[in-house]
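Before any comments, here is the structure.
The values are calculated or read from the model by the stated rules, or taken from the named source; none is laboratory data. Bear in mind the structure is a predicted one, so any value in this text is a computation, not a measurement. Ideal geometry is used to build each Cβ from the backbone, glycine not excepted, and the neighbour counts take in all protein chains shown.
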Amino acid sequence: MRKYAAEFIGTFVLTFMGCGSAMFLGCEPAGGHLAVAFAFGLSIVAMAYVIGGVSGCHINPAVSIAMFMDKRLSSIEFINYVISQVFGAIFAAVLLKILTTFGIHDLTGGLGSNGVANAGGFFGAFIVEIILTFIFVFTIMGVTSNEKMGSVAGIVIGLTLTFVHIVGIPLTGTSVNPARSIGPALFAGGAALLDLWVFIVAPLIGAALAAIVYQRVVKDK
């Protein structure tokens, strides 16, 4: 149970801080864009050093499916990790929604949810999310299996999440994490909910590809 509680808390922190920064700072290139990217990345860094020793700090169903494919998680653990992650993100979205009722303006108009319009539609967003998730998860699999990385693994993972956000924010808002997308979309409704399938399916495909490539190119060298 400690592992699942850790995943709930970690995903809550990631979603609350990442989506919250998008909501309250905005995502314009003049400053909000980089700030939001770093908010997501630093959330990973913080949680990696707090709960990494408990659950591995996946806080993302895409990461968990890759770890399951690499036999680092059992099927039961995988299911419970994903449930914990999704509920952590939903709880974060509930609190963010409550904050907007106090008169705090949401600059994204949708609780920091993801969208496909700026990527040219569903197909463009699908490709973007597969690529970004592949890069992110491929990095995670590499650094977490390399004993030489030691205590710097969390920093590398956090910085990787930051740079995929720098590219992805103007296009899709950057998901690479189905849980992070599900929470806000459930309360934003409208287009965010309509587009949600992209941000569930594409990251899972990107993560699965990362696991396969890692096993073929890196692990079996």
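Worth pointing out:
- Flag if ALA93 is in a helix (DSSP H, G or I), closer than 28 Å to ARG216 by Cα and in contact with a Pro (Cβ under 6 Å, 6 or more places away or on another chain): no
- Matching option when the condition is in a loop (DSSP other than H, G, I, E, B) and out of contact with any strand residue (DSSP E or B) (no Cβ under 6 Å at 6 or more places or on another chain), among CYS19, CYS57: CYS57
- Among the residues making up region 54-76, none is among the hydroxyl-bearing types (Ser, Thr, Tyr), within 13 Å of ILE140 (Cα to Cα) and at pLDDT below 95.
- Condition met for LEU194 (over 14 Å from the mean Cα position of the chain (by Cα) and aliphatic (A, V, I, L, M)): yes
- Summed over region 1-53, the residues that are crowded, with 19+ Cβ neighbours inside 10 Å, modelled with pLDDT under 95 and of a type in the set (Asp, Glu) give a count of 0.
- Taking the criterion of being at pLDDT below 90 and either among the aromatic types (Phe, Trp, Tyr) or surrounded by fewer than 20 Cβ atoms within 10 Å (Cβ to Cβ) (or both), the residues of region 136-179 that qualify are SER145, ASN146, GLU147, LYS148, MET149, GLY150, SER151, VAL152.
- Look at region 51-79: where a residue is on the phi > 0 side of the Ramachandran plot and a partner is basic (Lys, Arg) and surrounded by fewer than 22 Cβ atoms within 10 Å (Cβ to Cβ), sitting 6+ places away or on another chain with Cβ atoms under 9 Å, you get GLY56/LYS3; GLY56/ARG72.
- Selection status of THR133, in contact with a helix residue (DSSP H, G or I) (Cβ under 7 Å, 6 or more places away or on another chain), at pLDDT below 95, more than 20 Å from TYR4 (Cβ to Cβ) and hydroxyl-bearing (Ser, Thr, Tyr): no
- Annotation: of all residues in region 140-158 being more than 14 Å from TYR49 (Cβ to Cβ) and small (Gly, Ala, Ser), the one that is farthest from the chain's Cα centre (by Cα) is SER145.
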